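To keep things clear, I will list the structure first and then write my remarks on it.
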Amino acid sequence: MAAACLNRAGLRWMLVGSVAAFLYGHERSTHDIDVVFDPKGVNPSVVAAAFAPDYMLDPLMLEDTLKTGYMANALPLRGGPKIDLSPLRDEPFEQTAFARREERDWHEQTIPVISPADLVIAKLRWAKDSWSERQLGDVRAIMATGRVDEHNDDFNRWIDRLSLRDLLDASREAGYEA
């Protein structure tokens, strides 16, 4: 249902966060669906209308999101998780991750999903300031699936460029486990 609303709105988007991790083999509970979308050319009223009647998305909140870069929320009206909509930032890693998102089949629908390696990097970034055990646990579980080549040059360039080596090393030392 969320993917249908996003597509109906005409957004260019990708699934990130714990639901993306679920698609790569890591199951954990979550209360929302995290989405990054390209804000270029977005009409808040059109997008809000595309989410109805399943979700309530305030066009004024979305307009504010486009101005500030902060997240907007689409709230479910018939049950289910809320959708957190974050505009794509104009910064190198996020632009790169968005450009190489992958398509996955989910309940007879194709959805764009952040790549496993980029998801690990994104989760390490989220954990960088807080050392969030939840994010680091996600990293260990995703790495345990074998979907990320820890020796890949591009992966390591981003880890070093974003100063994430200590967090990745700590995750490895704790042990990759599903």
Lone unmet requirement of (1) part of a loop (DSSP other than H, G, I, E, B); (2) outside the structural domain of Phe37 (by TED's automatic domain parsing); (3) free of Cβ contacts under 8 Å to residues at least 60 places away in the same chain for Ala170: (1)
Hits in region 1-43 - residues which are in a helix (DSSP H, G or I) and in contact with a helix residue (DSSP H, G or I) (Cβ under 6 Å, 6 or more places away or on another chain): Cys5, Arg8, Ala20, Ala21
Cβ pairs under 9 Å, 6+ apart, first in region 64-89 and over 17 Å from Ala48 (Cβ atoms), second modelled with pLDDT of 95 or more and among the polar types (S, T, N, Q): Gly69/Ser86; Leu88/Gln95; Arg89/Gln95
Residue count for region 61-120, restricted to those that are of a type in the set (A, V, I, L, M), farther than 13 Å from Met14 by Cα and out of contact with any Lys or Arg (no Cβ under 7 Å at 6 or more places or on another chain): 8
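Is it the case that region 105-114 has a residue that's farther than 27 Å from Leu62 by Cα, surrounded by fewer than 17 Cβ atoms within 10 Å (Cβ to Cβ) and either outside the structural domain of Asp38 (by TED's automatic domain parsing) or in contact with a Gly (Cβ under 8 Å, 6 or more places away or on another chain) (or both)?
Start the filter on region 105-114 by keeping residues that are farther than 27 Å from Leu62 by Cα, which leaves 105, 107-108.
Then keep just the ones that are surrounded by fewer than 17 Cβ atoms within 10 Å (Cβ to Cβ); that gives 105, 107-108.
Next, only the ones that are either outside the structural domain of Asp38 (by TED's automatic domain parsing) or in contact with a Gly (Cβ under 8 Å, 6 or more places away or on another chain) (or both) stay: none.
So far as region 105-114 goes, no, none of its residues is farther than 27 Å from Leu62 by Cα, surrounded by fewer than 17 Cβ atoms within 10 Å (Cβ to Cβ) and either outside the structural domain of Asp38 (by TED's automatic domain parsing) or in contact with a Gly (Cβ under 8 Å, 6 or more places away or on another chain) (or both).
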Selection status of Ile159, free of Cβ contacts under 8 Å to residues at least 60 places away in the same chain, part of a helix (DSSP H, G or I) and of a type in the set (Val, Ile, Thr): yes
Residue list for region 141-178, filter: under 23 Å from Glu94 (Cβ atoms) and among the charged types (D, E, K, R): Arg147, Asp149, Glu150, Asp153, Asp154, Arg157, Asp160, Arg161, Arg165, Asp166
Residue count for region 60-117, restricted to those that are under 16 Å from Ala4 (Cβ atoms) and in a loop (DSSP other than H, G, I, E, B): 7
Cβ pairs under 7 Å, 6+ apart, first in region 36-57 and among the polar types (S, T, N, Q), second part of a helix (DSSP H, G or I) and at pLDDT 95 or above: Ser45/Pro59
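Mind listing just one residue for me: the one in region 9-31 that is over 24 Å from Val148 (Cα atoms) and either in contact with a Leu (Cβ under 6 Å, 6 or more places away or on another chain) or exposed (fewer than 15 other Cβ atoms within 10 Å of the Cβ) (or both) and, of those, modelled with the highest pLDDT?
It comes out as Gly10.
Which members of region 132-151 meet the condition of being outside any loop (DSSP other than H, G, I, E, B), aliphatic (A, V, I, L, M) and within 17 Å of the chain's Cα centre (by Cα)?
Taking region 132-151 and keeping what is outside any loop (DSSP other than H, G, I, E, B), we get 133-144.
Applying the additional criterion that residues be aliphatic (A, V, I, L, M) yields 136, 139, 141-144.
Matches in region 132-151: Leu136, Val139, Ala141, Ile142, Met143.
The values are calculated or read from the model by the stated rules, or taken from the named source; none is laboratory data. Keep in mind the model is a prediction, meaning the values are calculated, not measured. Reconstructed Cβ throughout: ideal geometry from the backbone, glycine too, with neighbour counts over all protein chains shown.
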